[in-house]
Each structure stands twice: as C-alpha cells, then as structure tokens.
Amino acid sequence: MASSKGAADRSDAFDAVVVGAGFAGMYMLHKLRELGLTARVYEAGTGVGGTWYWNRYPGARVDVESLEYSYQFSEDLQQQWEWSERYATQPELLRYANHVAERFDLKRDIQLNTRVQAARFDEATGRWHVTTDNGNASSRFFILASGCLSSTNVPDFKGLGGFKGSWYHTGGWPHDGVDFTGKRVAVIGTGSSAIQSIPMIARQAKHLFVFQRTATYSVPAHNGPVDPVALARVKANYRDFRERNAKTGYGFILDANEASALSVSDEERRAVYESRWARGGLGFYGSFGDFLSDKAANDTAADFIRQKIRSTVRDPVVAELLCPRTVVGCKRLCVDTGYYETYNRPNVTLVDVSKTPIDRITATGLRVGERDYEVDAIVFATGFDAMTGSVMKIDIRGNQGLRLADKWAAGPKNYLGLGVAGFPNMFLIAGPGSPSVLTNMLPSIEQHVRWIGDCIATMQARQAQRIEPVEAAEETWVSHVNELAAASLFPSCNSWYLGANVPGKPRVFMPYSGGFATYIEKCNEVASRGYEGFALS
Ligand code: FAD
Ligand code: NAP
C-alpha cells in the first residue's frame, strides 16, 4: 500500500491515525512502520506511557510481575532491559516506556499534548477525517489505543467546587508529587489505586481517613528484587516463557490448579491457599479451577482471605468492616504491600460509607450523615469510566453518519473486540469484547497489534480497501461474550467491568471472559479463514 498522502495538506494525510501513546499506541506505531505505512499518533498527555504517565500516585506499581508485564516483540529489548523489582514501580515503567519510544525512534510520529475530539468516515473517499484540539488529519485506518482505564471518574459530589483544600485523582496525579506531611488527608475508595496509595500516604499524613463503600479483597505482593536465578532462567529462553504465558487464561503464568476447591479436604485446601498467599500476587487466581465459576468454591477463598484480614487488623470492628462480602475476583483482585497492616496505625481511620454515603464535600472536608471530617486534602481513588469511556468521549461517526455513541448506547458492540460493524477500517486495541483487563495487558495488547498488522498486510496483498465486521458476526460475538459472563461469577457484584461505577452507564459485562489462550485461537481462526465475519472490499 503506497502512502496515501496527496490530499490538499500533505502533512496531515496518513495511512493510519492512532489515538493514544500508551503501550498499545506505541507498539501499533512500530508495527505500522514495519508495514511501510505512514502514521500519526495523537496523545493527550505531554509524554508517552499512558497509564504510567498519568497514574503517578504514591505506591503505583504493576500487579503482574514485570518479567511478564513487558513487551516481547523485540528479543534485544527483553534481553537488555533490567527490571529492578518483581513488581516495577510507576517511575520505572515510565522510564521503560520512554526507553522504548527512543529505542524505536517513535517520538517523531507522536504528536503530544493533542486530544482527538472527533473522527468521521467519508464513504466516498474511504478515509477517516480526524479532528483534534491541535490540527486535523485524514487517514485510511483509524486505530483506538485510547486505553480502557484512562478516562478518570470523579463522582459528582455536591460542594467539591467550594472545597478550600487540595484534591487529586489518582489517575491524574501531579508530576512533581504531593507532600502530605502534617496534613489531614481523605482517600475516597478502596480499589487497587487506593490499596496501593493508602499505606504510603498513611506514612506521611498527620491523619488519614479512608472512606470505604465496598471492601475489596487484596493479596500480598511480597515484592522484592527480581530473583537472579529466575531471571537467568527466563532470559535463557524468553520465547518459551512468553509462549507458556500465551497458553494461560490470564496471560501470565500462575501454575493453575485445575482441581475443584470442593474436591479436596479442608486441610489440603487451606495448604493451597497458604502457599499461594506466601508466594504473593495474582497467582492466587490459580488456586482452584472453579474459583470463578462456582460460588461455593469461591466462598472458601473468601473465607480464607477474611481470616487473614482478621488476623492482621488488631481492632476487630475495623477488621470486620474490611472483610469483603462479595465474590473474590468479581472485581480485579488487588495486590498490596502492607495494606491491611496500615489500619493498625493510630493515624488511620476507616470510615464506612456503605450505608450512609458521602453526603457532600464541604469547604473544609467531607460530610457523612451528621458527621463532618475536616481534611486538608482529598484523594479520589474512585477509578475510571472503564473500557468505553475514552472511546465514547470522541465523536466517532461511521457509515451514513452512524454515531458510535448511539450504536453503543445500550453497551459496547463489536466483533472480537477488534472492529465495529458500520465503522470501516477502524480497530480497537484491548477494548470491550476482548480479554483486555482480565489479563496481563501487555501480551493482550501485543496480540491485538499483531492481529491488526496481519489484517492490514492481508489487505495490502489483496489490494482490499475496506474491512469491517458483518452485523451477524458482531451479534454472535456480543452474545457469546454475554453468555460467558453470565455463566461466571463476574456479574455478581457492582464492578467497573459491568460499568456499575458510573451512574447511568448500561450494566453490561464488557471484557471477554473465555480466557486469553482461547481468545487467541479464535482470532487466529478468523484470520486463517480469510477474516471470517469481516467484509473485505
Ligand atoms: P493507556 O496506557 O491508558 O494509554 C492510552 C492513552 O491514550 C493515554 O495516554 C491517553 O491520554 C490517550 N488518550 C485517550 N483518549 C485520547 C484522545 N481522545 N486523544 C488523545 N489521546 C487520548 N494492567 C496490567 O495488566 N497489569 C497491571 O499491573 C496494571 N496496572 C495498572 C495500574 C493502574 C494504576 C491502571 C490505571 C491500570 C493498570 N493496568 C494494568 C491496566 C493498564 O491500563 C494497561 O496495562 C496498559 O498500560 C494499557 O495501555 P494502553 O496503551 O492500552 O492504554
Ligand atoms: P476502582 O477499582 O474502580 O475503585 C474505585 C473505588 O472508589 C471503589 O472502592 C469504589 O467503591 C470507590 N468509589 C467510587 N465512587 C464512589 C463514591 N461515590 N463514594 C464512595 N466510594 C466510591 O478503581 P481503581 O482503584 O483506580 O482501579 C481500577 C483498575 O485499574 C483496577 O481494577 C486495576 O485493573 C487497575 N489498577 C491496577 C493497579 C495495580 O495493582 N497494578 C493499581 C491501580 C489500578 P465501590 O467498589 O463501592 O464502587
């Protein structure tokens, strides 16, 4: 495919426009260049790295070990980059993102500080017209690498505008950090971002109030330096390590135990949980095969974690409040360093807002029922308008002016999570309908980018101009994604997977829960059958 420049303003015509310069957008750009295409990446931030550019809150780090949460497309890169800890911190991840951008000379095609506002497909020319707050462009392909956890959610609390202190969202943290020394601080939320930041903030703050609406399960990270023996073993055959990881349900190796939790004795079950707990991290998901499909099996894991909480937190009333009552894993399991222990500190107060919600923000703090909590700073660890938020903020119009926002009004609809009927030559990376957030996301992202690259290469070979899913294939996929979710325990609690955290958002389980390996097979099958379910013209 020759470069399709030639419109009135040559500099603004590309083969592809990519939204976002996180790990997905960066690798997509590299792949497009390998195919000999011209591309422009637009990024709202002033630097690359996406999640790791925005989420600079204290304690931010990965919950998947860095040897697995890293790019695999370049053998030299994975051999030469040295991770300092099992779970890299945000600054290290951001250094990594910048290193990749420089190593592969990506920055010259990334326009920073630019937000894509609209994209319209012109059926006559077969081109996308992309509008940004800093110039416009046209392209044949329009690729959304805009992130499934990049649109922050600040609940609409009354009175926030009149608050005299400072407030922050974990997903938009100031670049020069925040010093909470001597301050009274409120953290709203107890999801992963809160669980990572609370122990750090508690060490600095004069007093920390944690406002908890729903208690969350967390397993210890047992973080530390990367074990040199394990590192040498992986580096000796990184390819094999990555292949094993792609054959798992979650995109990382967790030595899944396929036995039912109900098929073993109480002692054996406890021993399994204890050993997973001692190892630390998300490997806890692999304890038993029916962990996420059988409520009675899941209850055994829930009981185990509750016992751990009770044996860690000294005040029994606080411990009981911290004990979750939901299904373990129906929200992404958190991985912490000293989270529950933090509640033994005299300067930390847990405020239960499950029955009496935060009523309003006052000039000097928060009001819950009759009680005022005076604080100098508020941290919103209140999550994201996940999976669809960043896409829906762009006014995207496909064939005959069809608005994506209208098409998705009752929940996202797409085929394989990759393409949307009615929106030719538009691709999504790691969005709804794909395993995405239920997996180690870097391999998920790379698998999508490779698939999109192969698809475009096939179009080049066949001199095809357009590709889009056919409605019937899309409908079948959406039903399949829903059926898988309905057969699992995922929909049993109010999670962002379901859009339940954003008022008015349709309640639809968005990610594909059939497992990473199965999903890869399906994608490969579709491609090998000549992009079955897609119309190529
Ligand atoms: P992002 O990194 O979110 O990048 C998307 C980029 O698009 C952003 O920089 C954004 O500014 C830009 N953008 C969006 N809309 C526009 C627009 N209209 N115009 C221009 N630019 C736009 N996953 C894991 O697998 N393991 C983890 O340990 C893990 N930890 C996480 C920790 C945090 C705090 C968060 C929030 C998420 C975490 N995730 C984790 C998920 C994480 O989002 C992915 O791993 C991965 O970084 C996503 O990369 P991405 O490029 O798809 O999206
Ligand atoms: P989150 O999981 O959505 O947690 C948001 C928290 O805010 C929840 O406890 C929620 O309570 C609470 N909340 C929201 N609105 C509220 C309100 N009006 N009043 C009181 N409480 C309110 O968001 P997150 O912690 O940012 O994590 C999002 C995802 O990002 C994670 O699931 C994970 O995938 C990823 N992440 C990963 C890591 C990591 O360990 N590497 C770190 C951070 C984030 P309810 O539960 O009641 O809604």
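Among the residues that make up region 282-291, is at least one of them polar (S, T, N, Q), open to solvent by less than 50 Å² (accessible area, probe 1.4 Å) and under 25 Å from residue 438 (Cα atoms)? Looking through region 282-291, at least one residue is polar (S, T, N, Q), open to solvent by less than 50 Å² (accessible area, probe 1.4 Å) and under 25 Å from residue 438 (Cα atoms).
Only one entry in 160, 149, 144 is open to solvent by less than 10 Å² (accessible area, probe 1.4 Å) and of a type outside the set (Lys, Arg), namely 144. Out of 89, 51, one residue alone is touching a residue at least 60 places away in the same chain (Cβ under 8 Å) and either within 13 Å of ligand 1 (Cβ to nearest atom) or surrounded by fewer than 23 Cβ atoms within 10 Å (Cβ to Cβ) (or both). It is 51. Scanning region 410-456 for residues that are within 16 Å of ligand 2 (Cβ to nearest atom) and in a helix (DSSP H, G or I) yields a total of 8.
Identify, please: which residue in region 163-182 is away from ligand 1 (no atom under 15 Å from the Cβ) and open to solvent by 80 Å² or more (accessible area, probe 1.4 Å) and is, among those, nearest to residue 347 (Cα to Cα)? It would help to see each step written out before you state the result.
So in region 163-182, the residues away from ligand 1 (no atom under 15 Å from the Cβ) come out as 163-167, 174, 176-182.
Of the ones still in play, those that are also open to solvent by 80 Å² or more (accessible area, probe 1.4 Å) are 164, 167, 176, 179, 181.
Numbers: 164: 22, 167: 20, 176: 25, 179: 16, 181: 12 Å.
Among them, the one singled out is 181.
Listed by first and then second residue, the pairs linking a residue in region 431-444 that is at positive phi to a residue that is more than 7 Å from ligand 1 (Cβ to nearest atom) and small (Gly, Ala, Ser), with Cβ atoms under 9 Å apart and 6 or more places separating them unless they lie on different chains, are 433/417; 436/417; 436/444.
Against the list (1) crowded, with 22+ Cβ neighbours inside 10 Å; (2) within 16 Å of ligand 1 (Cβ to nearest atom); (3) closer than 30 Å to residue 195 by Cβ, the condition residue 414 fails is (3). Does residue 46 satisfy the condition of being away from ligand 2 (no atom under 16 Å from the Cβ), at pLDDT 95 or above, touching a Leu at 6+ places or on another chain (Cβ under 6 Å) and outside any strand (DSSP E or B)? Yes; evaluated as a whole, the condition is true for this residue. Of 136, 113, all but one fail to be more than 25 Å from the chain's Cα centre (by Cα), modelled with pLDDT of 95 or more and more than 16 Å from ligand 2 (Cβ to nearest atom); the exception is 136. Of all the residues in region 480-537, those that are of a type in the set (A, V, I, L, M, F, W, C), open to solvent by 60 Å² or more (accessible area, probe 1.4 Å) and in a helix (DSSP H, G or I) number 2.
Taking region 187-259 as the region of interest, the helices (runs of 4 or more DSSP H) fully inside it that hold 1 or more residues being buried (at least 22 other Cβ atoms within 10 Å of the Cβ) and of a type outside the set (A, V, I, L, M, F, W, C) are 192-204, 238-246.
With respect to residue 275, determine if the residue is hydroxyl-bearing (Ser, Thr, Tyr) and farther than 22 Å from residue 337 by Cβ.
Details: hydroxyl-bearing (Ser, Thr, Tyr): yes; farther than 22 Å from residue 337 by Cβ: no.
Spelling it out, it is not the case that residue 275 is hydroxyl-bearing (Ser, Thr, Tyr) and farther than 22 Å from residue 337 by Cβ.
Is it true that residue 226 is of a type outside the set (Ser, Thr, Tyr), within 16 Å of ligand 1 (Cβ to nearest atom) and over 24 Å from residue 497 (Cβ atoms)? It would help to see each step written out before you state the result.
Details: of a type outside the set (Ser, Thr, Tyr): yes; within 16 Å of ligand 1 (Cβ to nearest atom): yes; over 24 Å from residue 497 (Cβ atoms): yes.
Yes: the conditions hold for residue 226.
Take the residues of region 377-396 that are surrounded by 23 or more Cβ atoms within 10 Å (Cβ to Cβ) and small (Gly, Ala, Ser): which is nearest to ligand 1 (Cβ to nearest atom)? Across region 377-396, the extreme among qualifying residues is 390.
The values are calculated or read from the model by the stated rules, or taken from the named source; none is laboratory data. Note that the coordinates shown come from a computational prediction; the quantities given were computed from them, not determined experimentally. FYI the Cβ positions are ideal-geometry reconstructions off the backbone, even for glycines, and counts take in every protein chain you see. When the accessible area is computed, the model is the full protein with side chains, heavy atoms only, and any ligands, DNA or RNA have been set aside. Shrake-Rupley method; radii C 1.70, N 1.55, O 1.52, S 1.80 Å.
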